[in-house]
Amino acid sequence: MTAVPTGAERRKAVFASAIGTTVEWYDFLLYGTAAALVFNKVFFPKADPLTGTLLAFGTYAVGFLARPLGGIVFGHFGDRIGRKLLLVLSLFIMGGTTFLIGLLPTFDQVGLWAPGMLIALRLVQGFGLGGEWGGAMLMAVEYGEDKHRGLWGGLTQAGGSVGNFLATGILAVAAATLSPHDFLAWGWRIPFLASAVLIGIGWWARATLTESPVFRSALETAEGAHAAPVIETLRTRPWQVAIGGGLKVGENVSYYLMTTFGITYLTEILGLPRSVALGGMLAGAAVAFTTMPLWSALSDRVGRRRVYAFGAGGLAIWAFAYYPILATRSPGLIVTALMVAMLLHSAMNGPQGAFIAELFPTRIRYSGASLCYQVTTIVGGSWAPIISVLLYRHFQSTVPISIYLAATCVISLVCALVARETAGLTFAELDADPPQRKGPPSRTALPASA
């Protein structure tokens, strides 16, 4: 029988998951902001601005290519030996590579070795992040009460926005206080080297965390861990993997089109100062981490499907207003556009952790959630900035980019509407095969496999 965690244990698990997620998304998203502002000049200085940006985004995309491998490897061991050890390991992988990026020589110093080393570190960073999300989310969700799992998961998701806020904030301070020459010469390195401090904070939060009681109970009451949990997931839950990936794609693509490409659009295409772009991103990040838990708590009350569908549908519409508002070059309107975008995005991102995790039974949950979350990023976050730059270069218009953004959100909207409602289910109901549930708010019941 599953031991019921105390309130203190629940809070500790959520805090450890959220603080670690803050650190690791700080590492990963810092790279995206730097790729848009700095790396095209520091590592690819011979190219014209947009081509340099494309090359910088290419190194940025490499990190996404490694994330599915990290998700598979970490998911395998996370479903076999537990969540805790993998959480600590991913933290050190992410933080260490980010610190080393801050020490890299530039193209002017070592030539092509500089972007080569950057790509290698980005691959390792992506591998670490591929395992981070599943472990952190499952710790929070599996420690949470059935009726509040959305909130617990949303608090962990909000850690990513806090990480983005910190990364953007430190870059904004450096860009505002240093001359353009000093910022490109050494100022951009400061937030990367600061990762060393954040590693210590994350380790302190996670080192004393005990293993998920739900996972321990699942191993004790069943025949043990699956020999190959990833294969078992694909064999028995292909429909859930497809639904979870579809839920992720709109959230993933929209985020990077509005932030990473948004910075490029504001600075390289519209010619606005870095401070305007970073100020808008800071405001958007602040809205994200304050509203994400609210959307998540709402999903506990009215259902994951409704909240997620609202966010996806709203963002599909906002996509056609977003870039024209940025094109006004008005700092106030730019901030407003980003705040609205992040508000709608959070309606997907907040409930997402619990929603995807609840698609799978405990003994394959790490593998299933990681597959949904990480494989989608290859066609989502990795390609999105590159595709958007290519679309703009070809059409000299942001309309095709808005269509691209809206189309991916429609995919997530459809997946939210056809998914089985999971809010309020007990872990016994989630682990049942075929899945069971009691009472509302379910509207659609889908088979365990397709």
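The values are calculated or read from the model by the stated rules, or taken from the named source; none is laboratory data. Small disclaimer: the values here were computed from a predicted structure and weren't measured. Using ideal geometry, Cβ is built from the backbone for each residue, glycine included, and neighbour counts are taken over all protein chains shown. Each accessible area value is taken on the protein alone, full model and side chains, heavy atoms only, with ligands, DNA and RNA left out. Shrake-Rupley method; radii C 1.70, N 1.55, O 1.52, S 1.80 Å.
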Practice problem: Report yes if some residue within the stretch 281-291 is under 30 Å from residue 184 (Cα atoms), open to solvent by 10 Å² or more (accessible area, probe 1.4 Å), touching a Lys or Arg at 6+ places or on another chain (Cβ under 8 Å) and part of a helix (DSSP H, G or I); otherwise report no. | Solution: no
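Considering only the stretch 391-401, how many residues are surrounded by 15 or more Cβ atoms within 10 Å (Cβ to Cβ), more than 21 Å from the chain's Cα centre (by Cα) and touching a residue at least 60 places away in the same chain (Cβ under 8 Å)?
Pass one, the stretch 391-401, residues surrounded by 15 or more Cβ atoms within 10 Å (Cβ to Cβ): 391-392, 398, 400-401.
Going one step further and asking which of them are more than 21 Å from the chain's Cα centre (by Cα), we end up with 391-392, 398, 400.
Next, only the ones that are touching a residue at least 60 places away in the same chain (Cβ under 8 Å) stay: 392, 398.
Summing the residues that are surrounded by 15 or more Cβ atoms within 10 Å (Cβ to Cβ), more than 21 Å from the chain's Cα centre (by Cα) and touching a residue at least 60 places away in the same chain (Cβ under 8 Å) in the stretch 391-401 gives 2.
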Exercise. Residue by residue through the stretch 132-183, note down the ones that are open to solvent by less than 30 Å² (accessible area, probe 1.4 Å) and more than 17 Å from the chain's Cα centre (by Cα).
Key: 142, 143, 144, 149, 169, 171, 172, 174, 175, 183
Quiz item: When only residues in the stretch 19-69 that are surrounded by fewer than 24 Cβ atoms within 10 Å (Cβ to Cβ) and among the charged types (D, E, K, R) count, which is farthest from the chain's Cα centre (by Cα)?
Solution: 46
Quiz item: Under the condition of being assigned to a helix (DSSP H, G or I) and among the β-branched types (Val, Ile, Thr), which residue from the stretch 244-259 is nearest to residue 406 (Cα to Cα)?
Solution: 253
Practice problem: Identify all residues within the stretch 260-314 that are among the β-branched types (Val, Ile, Thr) and within 30 Å of residue 421 (Cβ to Cβ); write none if there are none. | Solution: 287, 290, 291, 302, 307
Self-check item: Residues located in the stretch 11-28, provided they are out of contact with any Leu (no Cβ under 9 Å at 6 or more places or on another chain) and farther than 15 Å from residue 135 by Cα
Solution: 11
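Inside the stretch 86-116, can you point out the residues that are open to solvent by less than 70 Å² (accessible area, probe 1.4 Å), more than 26 Å from residue 135 (Cα to Cα) and assigned to a helix (DSSP H, G or I)? Even if it seems obvious, please write down each step before you answer.
Keep residues of the stretch 86-116 that are open to solvent by less than 70 Å² (accessible area, probe 1.4 Å), which gives 86-88, 90-91, 93-98, 101-102, 104-107, 110-111, 114-116.
Narrowing the set further to residues that are more than 26 Å from residue 135 (Cα to Cα) leaves 102, 104-107, 110-111, 114-116.
Residues satisfying the conditions are 107, 110, 114, 115, 116.
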Self-check item: Candidate set: the stretch 70-85, residues that are buried (at least 24 other Cβ atoms within 10 Å of the Cβ) and not basic (Lys, Arg); chosen: the one farthest from residue 118 (Cα to Cα)
Solution: 79
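Using the structure shown, decide if residue 266 is on the phi < 0 side of the Ramachandran plot and not in a helix (DSSP H, G or I). So that I can check it myself, show each step before the final result.
Values: on the phi < 0 side of the Ramachandran plot: yes; not in a helix (DSSP H, G or I): no.
So residue 266 does not fit the description; no.
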Exercise. For the stretch 142-186, name all the residues that are modelled with pLDDT of 85 or more, under 30 Å from residue 6 (Cβ atoms) and among the small types (Gly, Ala, Ser).
Key: 150, 153, 154, 158
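Could you tell me how many of the residues in the stretch 343-360 are part of a helix (DSSP H, G or I) and open to solvent by less than 10 Å² (accessible area, probe 1.4 Å)? Outline the logic, then answer.
In the first step, residues of the stretch 343-360 are kept if they are part of a helix (DSSP H, G or I); the result is 343-357.
Subsequent filtering for residues that are open to solvent by less than 10 Å² (accessible area, probe 1.4 Å) retains 345-348, 350-357.
Final tally of qualifying residues: 12.
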Quiz prompt | Positions within the stretch 318-335 being touching a Gly at 6+ places or on another chain (Cβ under 9 Å) and open to solvent by less than 70 Å² (accessible area, probe 1.4 Å), in sequence order | solution = 322, 323, 326, 334, 335
